[in-house]
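Notes for the one structure printed next.
Laboratory data are not the source of any read-out in this text; all were calculated from the coordinates shown. This one's a predicted model, so the numbers in the text were calculated from it and none came from an experiment. As a convention, Cβ positions derive from the backbone with ideal geometry for all residues, glycine included, and neighbour counts pool all protein chains shown.
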């Protein structure tokens with residue numbers, strides 16, 4: 001079967017950048033392409049949008065098919081449409097991203113991927129298409145959201161200390177963060193409260209434990 | 001001439017939300033559709049992306065063709081792709097927005113528009129397609145950016161007082177803003193400085209004049 005149009009139509013794909021923290025570093029999930037173009041190269045999970053399928057559905061479906069990961073809510077990142085970004089034909093890609101906790105890290109290569117793996121954002125392989133640019137955009141958005149949203153709480157367990165939370169920020173930004181300003185800023189958001197308990201680690205002073213006041217108010221990367 | 005594909009392709013459009021402040025209210029630029037579907041109804045300026053054309057180029061071109069407005073930099077807003085959002089076929093729309101100063105307001109209906117006009121965001125006509133939803137998204141993004149960017153400075157003249165700047169924020173958000181917190185927050189951004197002069201209006205105390213320190217550092221809605 002073939003489909004005919006009066007004027008040329010682009011193909012539309014979705015690509016997905018899934019971040020998580022592993023071994024104390026921000027990682028991103030990549031697949032190894034089984035098919036041309038860029039056969040054998042690493043790329044973001046993704047693929048063509050079905051003609052009757054919502055974009056976010058396509059993103060979740062391709063992610064699941066290619067990596068086995070069910071990321072839950074995916075945030076739309078940006079739409080990439082440089083006319084020559086795909087050697088096959090004009091392909092416009094609507095991209096999505098999410099930051100997921102490390103307990104959802106079971107992955108498996110499937111569908112048209114011949115490999116799947118986590119890569120530290122700080123040392124990536126060469127990527128197919130314009131996926132390096134997509135990933136840069138996703139990483140910049142993620143860092144920006146640390147400043148004006150509560151996205152990082154998605155990675156925290158039920159209770160956590162301020163040094164533990166600060167550590168997550170430091171791992172993502174790869175910058176040292178001032179302790180006092182950090183506490184002040186985070187507490188100023190009004191989304192966490194002390195549990196009344198403390199946690200002692202090694203030779204450090206005990207640190208207050210905090211919990212998120214209302215999980216439903218924690219930004220799902222909005 | 002016709003174009004044939006092995007699997008169905010969507011059409012891709014761009015739609016553009018241009019905001020400006022007119023008569024002390026936030027306005028948006030709309031066109032009256034000359035053709036079906038939704039003939040005679042108001043809609044955002046926009047149209048189909050040419051097969052070899054960059055998305056942002058298509059947005060600027062359609063805006064200029066339909067309204068005469070050259071908005072300069074357009075920021076990508078969001079991509080809308082609900083499968084039934086257009087009665088003709090599957091149409092995915094990549095949307096853009098900008099906040100422009102009132103001295104760029106000369107508009108004219110052209111191309112496939114039979115009218116063009118500014119409408120207060122607070123009292124819009126019924127809109128074609130899902131353009132009401134697109135406009136909601138653009139307005140929410142604009143309000144959010146007031147908080148974490150310097151987008152509003154794009155609307156200010158070379159020198160301005162704090163009450164004048166606050167007034168722009170109040171017009172956009174339609175909320176009264178606390179004077180002291182506002183000054184503190186704005187000065188904390190570190191992007192404006194006093195000129196050393198003052199401005200007196202009516203019976204009010206004279207107000208300090210400010211200027212943007214480095215125009216190149218003012219966010220073009222980023």
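The angle separating the long axis of helix A:162-173 from the principal Cα axis of greatest extent in chain A is about 30 degrees. By the count of other C-beta atoms within 10 Å, a proxy for reagent exposure, A:56, A:62 are ordered fewest to most as A:56, A:62.
In chain A, helical runs assigned H by DSSP with n ≥ 4 each contribute -39500 (n - 2.57); averaged across all residues and rounded to the nearest 500, the mean residue ellipticity at 222 nm is -7500 deg cm²/dmol. Note on chain A: Cα Rg divided by 2.2 N^0.38 Å, N the number of residues, gives 1.15.
What angle, in degrees between 0 and 90 and rounded to the nearest 10, separates the Cα long axis of helix A:179-188 from the longest principal axis of the Cα atoms of chain A? In chain A, helix A:179-188 runs at an angle near 80 degrees to the longest axis. With neighbour counts taken as other beta-carbon atoms within 10 Å, the residues B:204, A:167, A:131 rank, fewest first, as B:204, A:167, A:131. An ellipsoid equivalent to the protein assembly as shown, defined through the eigenvalues of its Cα gyration tensor, has semi-axes of 37, 36, 17 Å when rounded to whole angstrom and sorted largest first.
Using the Cβ-Cβ distance between residue B:89 and residue A:174 with R0 set to 56 Å, the FRET efficiency from 1/(1 + (r/R0)^6) comes to roughly 0.75. Volume per residue for the stretch A:61-108 equals 95 cubic angstrom (convex hull of Cα atoms). Remark: relative contact order (the stretch A:151-217) = 36 percent; criterion is Cα-Cα distance under 8 angstrom and separation of 6 or more residues.
Built from the Cα atoms of the stretch A:11-142, the convex hull projects on average onto 7.3 nm², one quarter of its surface area.
As a length-normalised measure over Cα pairs under 8 Å and 6 or more apart, the relative contact order of the stretch A:11-142 settles at 35 percent. Helix B:131-148 axis versus longest C-alpha principal axis of chain B: approximately 30°, rounded to the nearest ten. Counting neighbouring beta carbons within 10 Å and listing from fewest to most, the residues A:102, A:183, B:20, B:123 come out as B:123, A:102, A:183, B:20. Taking the centroid of alpha carbons for each part, the stretch A:30-60 and the stretch B:159-188 are 46 Å apart. Computed on chain A, with alpha-carbon pairs under 8 angstrom and 6+ residues apart, the relative contact order is 21 percent. Gain on full extension, evaluated as 0.36 nm per residue between residue B:124 and residue B:52 minus their Cα-Cα distance, stands at 22.5 nm. Here the extension length gained between residue B:1 and residue B:200 equals 65.0 nm, from 0.36 nm per residue of separation less the Cα-Cα distance. Translational diffusion of the stretch A:151-217, estimated by Stokes-Einstein from the Kirkwood radius over alpha carbon pairs at 37 °C in a medium of 0.692 mPa s, is 263 µm² per second.
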